[in-house]
Amino acid sequence: MWRSRVTPLAKLLEAALFASARPIVSEELIALDADASRAAVAAALEEIREHYDVDGHGVELVEIGGGWQILTRAEYTEAIERAQLASRPARLSAAALETLALIAYRQPLGRAEIEEIRGVSVGSVLKSLHERGLIDVVGRGEGLGRPMHYGTTPIFLEYFALRHLDELPRSDELAVALRAEPRAL
């Protein structure tokens, strides 16, 4: 149950988070109330998170994609998807996932470097990832024609439920996870 006196700031932040379809960064939350300090917003966010956790709500306040968002608790996701109450983002092809992984781990990365590693043309894949907002041009190379360099976006973090790139699995963890397990017959 909410404390006897809920702060007006917590109510304002909850309303903004509820209304938003994307994570809201702290700077945007601070801008909602001209008198709010960074510490006051952090305390109000903790108040909201505690409310959802202590009272056993079906939603939770999550730090994701560089911001904050109210999301369905994981234990209810399958039932909601089964009932087709939530929209799922379109799946990424194997080529798109491979290209996106290269960019995520080696950014900034140019098209030529990606094509050299993958051994195939990636123009259409880069275009698709850019249109989805998962990658963006983050600079230009020094080489001939000053080629564009790509990096991931906050939408990438949101899509993969990451707070920041440091949460990506380390390459040694990937090698273990991708190693084929012997099948029992």
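Readers should treat all values here as calculations from the given coordinates under stated rules, not as data from a laboratory. Here the structure is a predicted model, which means the values were calculated and not measured. Cβ coordinates were reconstructed from backbone atoms using ideal geometry, including for glycine residues, and neighbour counts include every protein chain displayed.
Model label points for HIS57 and TYR105, set 7 angstrom from Cα along the Cα-to-Cβ axis, are 3.8 nm apart. For the range 1-94, the square roots of the Cα gyration tensor eigenvalues, ordered a ≥ b ≥ c, give a/c of at least 1.5 with a/b no greater than b/c, which places it in the oblate category.
Between VAL120 and LEU144, the contour length at 0.36 nm per residue exceeds the alpha carbon distance by 6.6 nm. Gyration tensor analysis over the Cα atoms of the chain returns equivalent ellipsoid semi-axes of 37, 23, 15 Å (largest first, whole Å). Around the Cα centre of the chain, unit charges on the Cβ atoms of Lys, Arg, Asp and Glu (plus for the first two, minus for the last two) sum to a dipole of about 540 debye. Computed over the range 108-148, the convex hull of the alpha-carbon atoms projects to a mean area of 3.0 nm². Local charge for ALA74 was computed over the other residues whose Cβ lies under 14 Å away, with Lys and Arg +1 and Asp and Glu -1, and equals -4. Here the label points at ARG73 and ALA94, each 7 Å from Cα along the C-beta direction, are separated by 3.8 nm in the simple model. Once a ≥ b ≥ c are taken as the square roots of the eigenvalues of the Cα gyration tensor of the range 94-178, is the result rounded (a/c under 1.5), prolate (a/b larger than b/c) or oblate (a/b not larger than b/c)? Taking the square roots of the gyration eigenvalues as a ≥ b ≥ c, the range 94-178 is prolate. For the range 27-66, a/c is not less than 1.5, where a ≥ b ≥ c are the root eigenvalues of the C-alpha gyration tensor, and a/b tops b/c. That puts it in the prolate class.
I need the calculated FRET efficiency for the pair ALA21 and SER171, taking r as the beta carbon distance and R₀ as 41 Å, to the nearest 0.05. Between ALA21 and SER171 the formula returns 0.80. The separation of the range 24-71 from the range 92-118, counted between C-alpha centres, amounts to 34 Å. In loop segments of the range 132-175 as defined by DSSP, the GluC sites (Glu not before Pro) with at most 12 further C-beta atoms inside 10 Å of their C-beta are GLU142.
Between the amide H of GLY141 and those of MET148, HIS149, distances stay under 5 Å, these residues lying 5 or more places away or on another chain, with hydrogens modeled in the peptide plane.
Label-to-label distance for GLU28 and GLU46 is 2.4 nm, based on points extended 7 Å past Cα in the beta-carbon direction.
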